[in-house]
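Inspection log for the structure reproduced underneath, given as structure tokens.
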Amino acid sequence: MTRETHRSTKDREGETILDLETYVPFLLSVAAAAWTRTTSAEYRAHFGLGITDWRVISMLNIEPKITANRICQVIHMDKAAVSRALHTLSEAGIVAFDAPKQNPRNRTWWLTDKGRGLHADILGVALEHEAKMMAGVAGEDLDTFLSVLRRMHVNLSAKS
């Protein structure tokens, strides 16, 4: 495969190597890690919560009264991590659940009043971080970027 047909490689003395400036998985990973590092530190310092907790809280604000499996399905997180977050958030009074008698493991979860207030507080910080990350990006570039990300998600989610 030549450089013309694969933008993510370059030639070094006759050997094909990755070009980290154009290798999409690397750039996505680096951007996600930088985002997580900066936002996680602020969420921990100001709210005592991590990224997983925030993702669960935001999902329950979007779609209340859902199961842990549904949370995992939408935010693409490991069930054990989501279960730990739900347990911690429940102990803190941020989320509540209902466990049907016929299947107590099939709990539905929602935010408490305390959880909805916390969501509103964290949302402001999250949107500020997003604005900093997207500073200087033109609207049409952002639209294109989001379209490409959605396409990547579809491609990666497709059954082979």
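The values are calculated or read from the model by the stated rules, or taken from the named source; none is laboratory data. As the structure is a prediction and not an experimental result, all values here were calculated from the model. Note: ideal-geometry Cβ built from the backbone for every residue, glycine included; neighbour counts use all protein chains shown. SASA here: full protein model, heavy atoms, side chains in, ligands and nucleic acids out. Shrake-Rupley method; radii C 1.70, N 1.55, O 1.52, S 1.80 Å.
Some observations on this one:
- Unit Cα scatterers, Debye sum, the range 61-140: log10 I(q)/I(0) for q = 0.14, 0.19, 0.24 Å⁻¹: -0.58, -0.90, -1.19
- Sulfur and carbon atoms: percent of accessible area, the chain [1.4 Å]: 55
- Pairwise centroid distance, computed over Cα atoms, of the range 98-145 with the range 1-66, Å: 18
- Proximal lysine pairs, the chain, alpha carbons under 25 Å, eight or more residues apart or interchain: 6
- Accessible area per residue, Å², the chain with all protein chains present, probe 1.4 Å: 69
- For the range 84-151, a simple Cβ point-charge model (Lys and Arg +1, Asp and Glu -1, everything else neutral) yields a dipole of about 540 debye relative to the Cα centre.
- Residue among Leu118, Thr36, Phe26 farthest towards the positive dipole end of the chain, charges placed on Cβ: Leu118
- Value of Rg/Rh across the range 1-73 [Cα atoms, Kirkwood radius]: 1.25
- When the chain is reduced to its Cα atoms, the Kirkwood hydrodynamic radius in Å: 18.5
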